[in-house]
1. Residues that are of a type in the set (S, T, N, Q) and at pLDDT below 90: does region 169-178 have at least one?
2. Looking at region 47-78, which of the residues that are touching a strand residue (DSSP E or B) at 6+ places or on another chain (Cβ under 8 Å), at pLDDT below 90 and open to solvent by 60 Å² or more (accessible area, probe 1.4 Å) is farthest from Glu129 (Cα to Cα)?
3. Does Glu110 meet the test of being in a helix (DSSP H, G or I) and either of a type in the set (S, T, N, Q) or open to solvent by 10 Å² or more (accessible area, probe 1.4 Å) (or both)?
4. Considering region 96-107 alone, what residues qualify as being surrounded by 21 or more Cβ atoms within 10 Å (Cβ to Cβ) and of a type outside the set (Lys, Arg)?
5. Between a residue in region 79-91 that is at pLDDT 90 or above and any residue that is open to solvent by 10 Å² or more (accessible area, probe 1.4 Å) and of a type in the set (Lys, Arg), which pairs come within a Cβ distance under 7 Å, given they are 6 or more apart or on different chains?
6. Write out, first by first residue and then by second, each pair whose Cβ atoms fall under 8 Å of each other, whose residues are 6+ apart or on separate chains, and whose first residue, in region 118-143, is modelled with pLDDT under 80 and among the β-branched types (Val, Ile, Thr) while the second is in a strand (DSSP E or B) and open to solvent by 10 Å² or more (accessible area, probe 1.4 Å).
7. Select from region 79-95 the residues that are open to solvent by 60 Å² or more (accessible area, probe 1.4 Å) and in a strand (DSSP E or B) and write down the one among them that is nearest to Ile239 (Cα to Cα).
8. For region 106-136, name all the residues that are charged (D, E, K, R) and farther than 17 Å from Tyr170 by Cα.
Amino acid sequence: MKKALLTLMALAVAFQAWPQDENLSPAASVKSAATGQLTIVPKLGVNYSTTSIDTWPGKSSGFDKPDISGVAGVVAGVEAEYAAGPRLGVSAALLYSMQGRKYDDVSSQERAVKAGLRSTAKDAVVSTEHHHYINLPLTANYYVMERLAVRAGLQVGCLFHQSGTLELPYDDTPKHSINGSPAKFDISIPVGVSYTLDCGVQVDLRYIHGLNKLSWSDGVREERNRVVQLTVGYRLKKIKLF
């Protein structure tokens, strides 16, 4: 996730330093932007999401953190962008977003047994979870070129459903229902870039950094969302508001 964020920042810096040619410079290309227009953009794409563990109860006892890896999910919805100025746009979106992660503490439990910290690893857990959100991202979009924008803002998400599988490898019953649920609301910071092709297709890549803690097991273990999101949308006919 850190690599994705650094890549997005590097892209922004690189495009900001674009050669100042009369036909290619940002100043020349954005003059045609019409302030006061509203553009509707239906979007569809994919997430690659995981979580970071902030609170781990086993640390004081010498237990390793479990292995956390990412899962893929879909994202779909609609975005509206208002042209607030020649270079500045403001966007609001309503998106369905499937997020989640894979959790595996078999290795950490087995290492604890070898180190004499536990007598058995029978409580080890492997789970794949999908968390289904309705997200409302608000972003400010700075156009470094006519079609290229750097985006940043704030996102509020509401969790409305969980799905997935949970396995206890040392149990006779291979799969169980998932117990516990994370926080119902998620506050995140989205940052990214978007580019619009001549045909009106818009490609949007962003990294979403969760701020608030998501609690499992009555708050014993706390995590935060980490999401890389790629969407493709189509910019419909612009509406002049003012």
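The values are calculated or read from the model by the stated rules, or taken from the named source; none is laboratory data. Worth saying up front: this structure is predicted, and the values here are computed from it rather than measured. Neighbour counts run over all protein chains shown; Cβ positions are idealised from the backbone, glycine included. SASA here: full protein model, heavy atoms, side chains in, ligands and nucleic acids out. Shrake-Rupley method; radii C 1.70, N 1.55, O 1.52, S 1.80 Å.
1. Scanning region 169-178 turns up at least one residue that is of a type in the set (S, T, N, Q) and at pLDDT below 90.
2. Pro57
3. yes
4. Ser97, Gln99, Gly100, Tyr103, Asp105
5. Matching pairs, first to second residue: Glu79/Lys43.
6. Listed by first residue and then by second, the contacts come to Val125/Tyr103; Val125/Asp104; Val125/Leu166; Val125/Glu167.
7. Only one residue tops the list, namely Tyr82.
8. Hit for region 106-136 is Glu129, nothing else.
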